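Enquirer: Take this structure first; my questions come after.
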Amino acid sequence: MIHIEVNEMKDGSRKQGAACPCAACKLLRRRCGQDCVFAPYFPADEPHKFASVHKVFGASNVNKMLQELPEDQRGDAVSSMVYEANARIRDPVYGCVGAISSLQQQIDSLQTQLAFAQAEVVHMHMRQLSSPENASPSSGNTQSRRAARSLFNMDMVMDQTDMNDSIWP
């Protein structure tokens with residue numbers, strides 16, 4: 001019977017011959033040494049992270065990138081590489097640029113919808129203010145003009161692309 005101990009030092013790094021190699025060393029089928037650059041960022045319980053990064057960038061390139069960065073920036077770099085690799089796997093042509101473009105289009109569409117909704121609110125308020133029920137002989141037109149002026153001071157952003165289509169009946 002073979003007994004394998006997992007030896008960990010006080011600082012959390014592993015000794016040579018540790019029982020559980022990191023996801024990178026496991027996928028590459030090599031021994032995970034104490035100085036393994038991948039171990040802190042690709043734990044054994046998340047093999048999919050390294051698999052996607054390896055598929056898109058290659059282990060050698062990832063190793064070079066991590067070696068060139070200061071240690072305090074490596075975690076963010078790995079996170080970015082994982083995100084980009086997953087985006088490249090989903091969309092090989094555009095990657096995360098495609099996702100950003102899609103989100104930007106959604107923002108533009110929602111801003112247009114918001115502007116139309118704001119314009120509709122102003123229209124409804126104006127319609128309500130000009131209805132005969134709201135006209136009182138003592139106040140005159142001064143109060144309605146003040147209310148109309150304050151409604152038109154609202155900050156409204158409108159996309160000028162569909163201005164030919166009217167939202168009024």
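Enquirer: Please work out how much length the chain gains when fully extended from MET126 to ASN63, using 0.36 nm per residue of separation minus the C-alpha to C-alpha distance, in nm with one decimal.
Expert: 16.2 nm
Enquirer: With the other protein chains left in place, how much accessible area per residue, in square angstrom, belongs to region 32-139 at a 1.4 angstrom probe?
Expert: Per-residue accessible area for region 32-139 comes out at 65 Å².
Enquirer: Also: Counting only the heavy atoms of the protein chains, how much of PHE57 is accessible to a 1.4 Å probe, in Å² to the nearest 10?
Expert: PHE57 has an accessible surface of roughly 60 Å² with all protein chains in place.
Enquirer: Sticking with this one: Excluding GLY75 itself, what net charge comes from residues whose Cβ is under 14 Å from its Cβ, given Lys and Arg +1 and Asp and Glu -1?
Expert: -2
Enquirer: Students sometimes get this wrong: rank SER79, SER52 by accessible area, probe 1.4 Å, all chains present, largest first.
Expert: So the residues, ranked largest to smallest area, are SER79, SER52.
The values are calculated or read from the model by the stated rules, or taken from the named source; none is laboratory data. Quick caveat, the model's predicted, so the values are computed rather than measured. Neighbour counts run over all protein chains shown; Cβ positions are idealised from the backbone, glycine included. Ligands, DNA and RNA are stripped out before the accessible areas are found, and what is left, the full protein with its side chains, is counted by its heavy atoms. Shrake-Rupley method; radii C 1.70, N 1.55, O 1.52, S 1.80 Å.
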